[in-house]
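Structure, as structure tokens:
The values are calculated or read from the model by the stated rules, or taken from the named source; none is laboratory data. Keep in mind that this is a model prediction, so the values were computed, not measured. We place every Cβ from the backbone using ideal geometry, glycine too, and count neighbours over all the protein chains shown.
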């Protein structure tokens, strides 16, 4: 019996439906992570050269926070949600029940290999599912530790990690799952969607895209640049919601370029590794005539690069960068910037720096996964906000309650009494019955 069948058999025992089971296993997950926390930090340093501080802030700490938030709210989320019953169905009552899908598959990403693998797992567990987890093979040391955390502390018919490369992912996608959660790039996202379509399996795709950041001339440039660079250089730009390119009025473009250069020189240099040689060479190939390039030394190290973009056909504007390159595009009128954003696929994130409420309203009206006004990235840290893309940047959302709901089937239920049986719903439909039905239905 393969792991999929083992987990399906366990799920059908309905043990995962129980609140205490879910609570105790979430607590166990937190204890297991704490037990292997140092190993995770060492693995993150090995794979991505992340410091222990950044590893905690952007990876492990966010998993702890997600577990705590679910533990605090799980009992409430599991209760059937009472909703109104329309006049036609009175007397009666209506409810929505949150039912676990069953056997789930979680495909993790390499750029935040702990966070983007274990946070979805928290949602799957919280909602009462079993899960097979496939960490990214590109962050191979982290993958080993995640396998140890799960496989040494949980029975495999409930949770299990399977390691390996693309061939393992392909084999897993041939199986029938009740839900699939994938984080990564658009190209593989399409493969996942096609595989799910074969079995009519519901899925979430957390993808990416070119997330714009507009800097208007009514803000403090020094503060705006400080916030932009912090978000851009998290993980050396290898962040799906990092500001991908900057848009600014031409009248402040030169000042913006100089402020970026000044703050990079004083505060930033590359410590994070580019994940592998292919990605490193791809990023190097995007750099042409840089406005400023910060030199660094070391294996697969790429320092911050500022690029003054005068031609929108430049190759750096054609794909998601996923690295420490900052293209800056000028415009004379805000509508030019809006048109540029709308000609590209809808982004995972969008950022605006402006105090002008009319400008804010215009940008809020654009379609994007999520965003921030007068800061970057921070929307991901609020568990009360769903996180996800739209169109090519993703399908579905998670974090906090939305993780619980993502991994739950929303089952509709109506309860009717037997003592009342309305005669008007049965034929023959007389003129009087039809008048009454028309009144009740509207």
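List the helices (runs of 4 or more DSSP H) that sit entirely inside the range 328-442 and contain at least 3 residues that are free of Cβ contacts under 8 Å to residues at least 24 places away in the same chain and either touching a helix residue (DSSP H, G or I) at 6+ places or on another chain (Cβ under 7 Å) or over 30 Å from residue 249 (Cβ atoms) (or both). Before you say what the answer is, go through the steps one by one.
Working: elements: 334-343, 357-364, 401-406, 431-441.
Once the helices (runs of 4 or more DSSP H) in the range 328-442 are filtered for at least 3 residues that are free of Cβ contacts under 8 Å to residues at least 24 places away in the same chain and either touching a helix residue (DSSP H, G or I) at 6+ places or on another chain (Cβ under 7 Å) or over 30 Å from residue 249 (Cβ atoms) (or both), what remains is 431-441.
Across the range 81-108, what is the total count of residues that are surrounded by fewer than 24 Cβ atoms within 10 Å (Cβ to Cβ) and assigned to a loop (DSSP other than H, G, I, E, B)? Going through the range 81-108 one residue at a time, the tally reaches 8. Residue 248 falls short on exactly one of the conditions (1) within 26 Å of residue 226 (Cβ to Cβ); (2) part of a loop (DSSP other than H, G, I, E, B), and that condition is (2). The residue list 120, 113 contains one member that is part of a helix (DSSP H, G or I) and within 27 Å of residue 234 (Cβ to Cβ), which is 120. Against the numbered list (1) out of contact with any strand residue (DSSP E or B) (no Cβ under 6 Å at 6 or more places or on another chain); (2) assigned to a helix (DSSP H, G or I); (3) buried (at least 21 other Cβ atoms within 10 Å of the Cβ), residue 148 comes up short only at (3). You will find that of 235, 250, the residue that is in the same structural domain as residue 347 (by TED's automatic domain parsing) and at pLDDT below 95 is 235 and no other.
With respect to the conditions (1) surrounded by 19 or more Cβ atoms within 10 Å (Cβ to Cβ); (2) closer than 23 Å to residue 404 by Cα, residue 143 lacks only one, and its number is (2). For the range 260-277, the set of residues classified as farther than 17 Å from residue 301 by Cα and surrounded by 20 or more Cβ atoms within 10 Å (Cβ to Cβ) consists of 260 only. Per the conditions (1) out of contact with any helix residue (DSSP H, G or I) (no Cβ under 6 Å at 6 or more places or on another chain); (2) crowded, with 19+ Cβ neighbours inside 10 Å; (3) closer than 21 Å to residue 187 by Cα, the sole criterion not satisfied by residue 227 is (3).
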